[in-house]
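The values are calculated or read from the model by the stated rules, or taken from the named source; none is laboratory data. Keep in mind it's a predicted model, so treat the numbers as computed, not measured. Here the Cβ positions follow ideal geometry from the backbone for every residue, glycine too, while neighbour counts run over all protein chains shown. Accessible surface areas use protein heavy atoms only, side chains included; no ligands, DNA or RNA. Shrake-Rupley method; radii C 1.70, N 1.55, O 1.52, S 1.80 Å.
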There are 2 protein chains.
Amino acid sequence: MAESWSFLDTSEPNFRPLVVIELAKGTKEETIAWFTKRIVDKKGSGGAQLLVKPLVTEKGDENIYLVGASHLRLLLGAEAVGLVKECNDNSMRTFTYSSRKTFKDFADDNHNFLTMAECQYIIKHELENLRAKDEKMIPGYPQAKLYPGKSIVRRLLTSGILVQIFPLHDREELKKLRHSWYGRVKVGYQPLDEIRSYFGETIALYFGFLEYFTFALIPMAVIGIPYYVFAWEDYDKYVMFATFNLLWSTVILEVWKRICAIMSYRWGTLLMKRQFEEPRPGFRGVLGINPVTGREEPVYSSIRRQIRIYLVSLPFVCLCLYFSLYVMMIYFDLEQWALDYHEENESNFSSLMLYVPSIIYAVVIEIMNRIYRYAAEFLTSWENHRLESSYQNHLILKVLVFNFLNCFASLFYIAFVLFDMKLLRQSLATLLITSQILNQFAESLLPYWLQKRHNKRMKKRMCSLKTDTDMSLLEQVNLEKEMGTYFGTFDDYLELFLQFGYVSLFSCVYPLAAVFAVLNNITEIYSDALKMCRVYKRPFAEPTANIGVWQLAFETMSVISVVTNCMLIGMSPQVNALFPDSKTDLVLTVALVEHLLLAIKFIMAFVIPDKPRDIQIKLAKLEFESLEALKQQ
Amino acid sequence: MAESWSFLDTSEPNFRPLVVIELAKGTKEETIAWFTKRIVDKKGSGGAQLLVKPLVTEKGDENIYLVGASHLRLLLGAEAVGLVKECNDNSMRTFTYSSRKTFKDFADDNHNFLTMAECQYIIKHELENLRAKDEKMIPGYPQAKLYPGKSIVRRLLTSGILVQIFPLHDREELKKLRHSWYGRVKVGYQPLDEIRSYFGETIALYFGFLEYFTFALIPMAVIGIPYYVFAWEDYDKYVMFATFNLLWSTVILEVWKRICAIMSYRWGTLLMKRQFEEPRPGFRGVLGINPVTGREEPVYSSIRRQIRIYLVSLPFVCLCLYFSLYVMMIYFDLEQWALDYHEENESNFSSLMLYVPSIIYAVVIEIMNRIYRYAAEFLTSWENHRLESSYQNHLILKVLVFNFLNCFASLFYIAFVLFDMKLLRQSLATLLITSQILNQFAESLLPYWLQKRHNKRMKKRMCSLKTDTDMSLLEQVNLEKEMGTYFGTFDDYLELFLQFGYVSLFSCVYPLAAVFAVLNNITEIYSDALKMCRVYKRPFAEPTANIGVWQLAFETMSVISVVTNCMLIGMSPQVNALFPDSKTDLVLTVALVEHLLLAIKFIMAFVIPDKPRDIQIKLAKLEFESLEALKQQ
């Protein structure tokens, strides 16, 4: 491999721009010269050995650079990031340059062997791994300190010299993808493989989960409709419905793991080795020795972080939870007021007024969720986690707990304190529908409309200038750099999680929830697709093998829903009528049924294998081969 | 490394016997010649490259062979099995011959670098991996078929030509170990590191767990004594005791994982790579292609196995469970009869008679457990599992379910159907104490006594013969080959598991259970140590990093005990007195408390990290280093 690096040519004639680097306006010449030199430098002298070209704008200020790489460089990079590709014998293997001939569709002149998303991921990886050698600071910026091994790009980002790095869209590919994804009205699956090769595995898995979840909800919705239409209010029928829902929700979560394994095996991420995680960009600390790497880098004592978590974050979260409950009590006051008003002067207007408190409350909940989200991000960032994964986990935990309480506390209160099933049904419907409408609007349609207006203005300005540079590329970069940044799948999963809560927690009271969820998800697929293709900058692909902590979150929700549904059924007048003599027997029976259902859930989760048999065999085969290879050595 | 194998000398002068091979009496000459040749043959020609020497007995029949290996051969074997040893810089690393100089205490002439247990494990591994090349059958035994890649030793074992393979005791080491383990009366820890280097990790972990568990029970026992002595029968005090027990049992199981990680890191097994698992010796099937290895070997369709499991084993287990419940009902009839008898003619004898049914039942339970054990082994073996691990899991599951019901069904019945707390306490005490006495007797003392008698007879016969062979070795081999075989830690863990059940399931009724458990465990340590050192053949060391499925079993038991204890407390008259108006409120409160406790349990299990921080750092460091090494390549 040592030879391969040396015959890499950094001045390839057909330069294909893949990634855009935007520097701050007025960045010093010496900094730019140093940075671009480091990017272009040979691997042996500590560079990234990529291609870089300034984008000449009409004004001549060079603060935007295009980064590309030769085909050979990308192949070597694919080996460095540990990409897994399909071989000629249909097995998935970690790509190495020396064994390149054994991979499917590999040819020295086939530049489509790596997808564009993969190429961009490789370039991002190489840029982030561009490390300081003996530089003490960024040339021209003495306050931006460097130490040997520090990622240069991360320091440039934190000191504001580097504004952003983003991958370019491929207009032609995007058009094709848009067409097959949401361009024509059709019933069928999403083109997940194409989404994956354009946007990467994380986003493809989200859309895969969204689609799977929608299909999985259809049985619930189909069974739920007659309950609503024929007003089957007898709870013994509801018992069947609820039991089906509970077991069904366990089955779908277990089956998702299998489907996820099939997809991520096909995409190679199931086999990808975890890379060593670098400190996240926002991590601060005094210079010390990292006990793991033995390198000099900022360290921050774990005890101080624990103190921040338990003495500041935890009380703050509790305070927010208390505030959320306080707002809920105000809502109930409003509700009571509306009811009184309606009773006093019965009219069409007053009966409409009955829905107003719920709608206001739903809007307030959404607003509180969003404000809390910023607070949680600030706090988690202030907790100063070293790793991005640990930051994410703490953020998700904070947000989940608050959103769960904020969204569902009023429903729990209505169900188990007020015992008012009619109000529960009404509140559930209002909350679910309002939040769905708000989300669709705030997430996709509003940004889409803003983006469209902005594009028009940009285009107009561009055309009036009439420069002789490569107009379409210049235009594209200028358009895309102004687009919003997609901050990952967090909000999308959160929305699905809350929806799952509305559907499953009180499913035996409002069977129509699943119908609304299905309808919402169908439009959600289209609006999310629109958002990805039209509204946001193209995100960097991130290889992942599963939906991570969300699997746990959904499973926890399905356990909680067993408890709530059993309680609801136990409270129903029909079930109460079965135990006319003793309420105690009723409660004991309900508790027994609940424990049985929970036991069945856990046994089912244990018995259903997480990976289908053929994937298990393929994985075992690879493991066997690598053990054999070790023996041969 | 290729050179290293070639200069291995198979005729080393100072031959140290490590492992004994006993062939069937009258094994054909050609078979012996072929087998020993294969053992001695160079690695390059498919042999094991070990040393082998016949043990010449007085009668001159050569059916016992001693196997050893040169020091160099053992080091290369240590690399092949992937042993992890401590380096000079105190980190643990996988041993390789080429990096041998970097390991602590390594010297070319230090033959104690590998413990004797490790040497024997290496020899066992090499013997089991002695594979057929182009032999179609074992020479001299046409019915014992071979195919390329089949383990010769496994075929010899299944066809009865090879009676047994076992490692030799090291009399001197054993004496030292015995002395420091149980030779002197002292309060303190067991010499776990020495046990590990003599018996291997599996057994050392068992004794480690037994010791840890005993220490962990002491707080429960200490708190339990005043409850018994001062007869604090008010249940509000019991509530505190039970709550403490529930949380404590969660904590001890979580902390055990950490302690286990510390030990297995120190012993190197935490880092050991899992070896590829070969089919277990008893596996039968028609010759086919294994989809994982691509080799020709017996295959057995998974569907047929599933059919056997679900259509035969499952009904059989259910039948046994039914039978066990039937026996339980007979016990209750007996109990009633004894009570009637006592009421009719009140005397000392009749009050003693009250205990008789419980004692008889306890004995019957033990007998049924043992008989069922054989049935379960037979059935699981008939299910024809390909892997030993899968066989073990199915066996453990079968045995656990039955033993759980068999031991605890009567207690559940007394507690939750008869509501008779006095009888519960009496039954619990009788069952616990009787089963402990029976176990100690059947497991250690009886075999020890039999063994001692046998040894005396052997020694007498030996001395009367007066041959001029190496008397002490011949005597040792002859003594040891007649000793019983230790079938692994299964029964020992099972005993602890049931004991944990007695202690935790009904802890709020009989606080003295923990005291008995502690007392039993202290004698158990000694009797088990005696058993290992005196009664059984030395077992082969098995590297393991944790107690495996038993962790799950103990955790499940501790979840069940939350439910039972909450129910018991809810039934107590004192707690009932708190809710004079409504039994329903009582039941609801108990259910709420139970759910809270379960939630706390799960959160605690989630929050307490499974590995201590310093072990985490050490593991991260190794991972980082191997990633760095890959990059350098």
Checklist entry - Do we find a residue being surrounded by fewer than 17 Cβ atoms within 10 Å (Cβ to Cβ) and within 22 Å of B:LYS43 (Cα to Cα) anywhere in the stretch B:81-93? => result no
Checklist outcome for this item: Out of (1) within 14 Å of chain A (Cβ to nearest Cβ); (2) in contact with a Gly (Cβ under 8 Å, 6 or more places away or on another chain), the one B:PHE540 does not meet is (1)
Checklist entry - How many residues does the stretch B:294-307 contain that are surrounded by 16 or more Cβ atoms within 10 Å (Cβ to Cβ) and assigned to a helix (DSSP H, G or I)? => result 1
Item to check | So B:PHE441, is it under 30 Å from B:LEU334 (Cα atoms), of a type in the set (Phe, Trp, Tyr) and open to solvent by 10 Å² or more (accessible area, probe 1.4 Å) | outcome: yes
Item to check | Failed item in (1) over 18 Å from the mean Cα position of the chain (by Cα); (2) part of a helix (DSSP H, G or I), with B:SER507 passing the rest | outcome: (2)
Item to check | Output for the stretch A:370-392, where each listed residue is closer than 27 Å to A:THR564 by Cβ and either of a type in the set (A, V, I, L, M, F, W, C) or modelled with pLDDT under 90 (or both) | outcome: A:ARG370, A:ALA376
Checklist entry - Only one of (1) touching a Cys at 6+ places or on another chain (Cβ under 7 Å); (2) within 12 Å of chain B (Cβ to nearest Cβ) fails for A:ILE569. Which number is that? => result (2)
Next on the checklist: Report every pair of residues separated by at least 6 positions or lying on different chains whose Cβ atoms are under 6 Å apart, first residue within the stretch A:297-309 and more than 10 Å from A:GLU383 (Cα to Cα), second basic (Lys, Arg) and surrounded by fewer than 12 Cβ atoms within 10 Å (Cβ to Cβ).
Outcome noted: none
Item to check | Residue in the stretch B:580-608 that is farthest from the other protein chains (Cβ to nearest Cβ), counting only those that are open to solvent by less than 60 Å² (accessible area, probe 1.4 Å) and outside any helix (DSSP H, G or I) | outcome: B:ILE608
Checklist entry - From B:ALA517, B:ALA553, B:ALA513, which residue is under 27 Å from B:SER180 (Cβ atoms) and open to solvent by less than 20 Å² (accessible area, probe 1.4 Å)? => result B:ALA517
Checklist entry - Name the pairs whose Cβ atoms lie under 8 Å apart, with the first residue in the stretch A:277-296 and within 11 Å of another protein chain (Cβ to nearest Cβ) and under 20 Å from B:GLU628 (Cβ atoms), the second assigned to a strand (DSSP E or B) and charged (D, E, K, R), and 6 or more positions between them or separate chains? => result A:ASN290/A:GLU296; A:ASN290/A:GLU297
Checklist entry - Which residues, counting only those in the stretch B:412-436, are among the aliphatic types (A, V, I, L, M), closer than 17 Å to B:ILE360 by Cβ and crowded, with 21+ Cβ neighbours inside 10 Å? => result B:ILE414, B:LEU428, B:LEU431, B:LEU432
Checklist entry - Only one of (1) away from every other protein chain (no Cβ under 14 Å); (2) open to solvent by less than 60 Å² (accessible area, probe 1.4 Å); (3) under 30 Å from B:ASP134 (Cα atoms); (4) β-branched (Val, Ile, Thr) fails for B:VAL327. Which number is that? => result (3)
Next on the checklist: Can you find a residue that is out of contact with any Gly (no Cβ under 6 Å at 6 or more places or on another chain), more than 24 Å from B:ILE437 (Cβ to Cβ) and away from chain A (no Cβ under 12 Å) anywhere in the stretch B:521-528?
Outcome noted: no
Next on the checklist: Looking only at the stretch B:535-593, count every residue that is among the charged types (D, E, K, R) and either more than 30 Å from A:VAL590 (Cα to Cα) or within 33 Å of the chain's Cα centre (by Cα) (or both) and tell me the total.
Outcome noted: 4
Checklist entry - Before we move on, is B:GLY160 out of contact with any helix residue (DSSP H, G or I) (no Cβ under 8 Å at 6 or more places or on another chain) and either open to solvent by 20 Å² or more (accessible area, probe 1.4 Å) or closer than 20 Å to B:LYS37 by Cβ (or both)? => result yes
Checklist entry - Limited to the stretch A:297-306, what total is found for residues that are more than 29 Å from the chain's Cα centre (by Cα) and more than 14 Å from every other protein chain (Cβ to nearest Cβ)? => result 1
Item to check | Any hit, the stretch A:611-630, residues being farther than 30 Å from B:LEU76 by Cβ, of a type outside the set (A, V, I, L, M, F, W, C), open to solvent by less than 60 Å² (accessible area, probe 1.4 Å) and within 13 Å of chain B (Cβ to nearest Cβ) | outcome: yes
Item to check | Test: B:LEU397 is free of Cβ contacts under 8 Å to residues at least 12 places away in the same chain and surrounded by fewer than 19 Cβ atoms within 10 Å (Cβ to Cβ) | outcome: yes
Next on the checklist: For the stretch A:546-557: of the residues being over 25 Å from B:MET567 (Cα atoms) and assigned to a helix (DSSP H, G or I), which is nearest to the other protein chains (Cβ to nearest Cβ)?
Outcome noted: A:LEU552
Next on the checklist: So if I check each of A:ILE547, A:ILE560, which one is touching a residue at least 40 places away in the same chain (Cβ under 8 Å) and within 21 Å of A:LEU270 (Cβ to Cβ)?
Outcome noted: A:ILE547
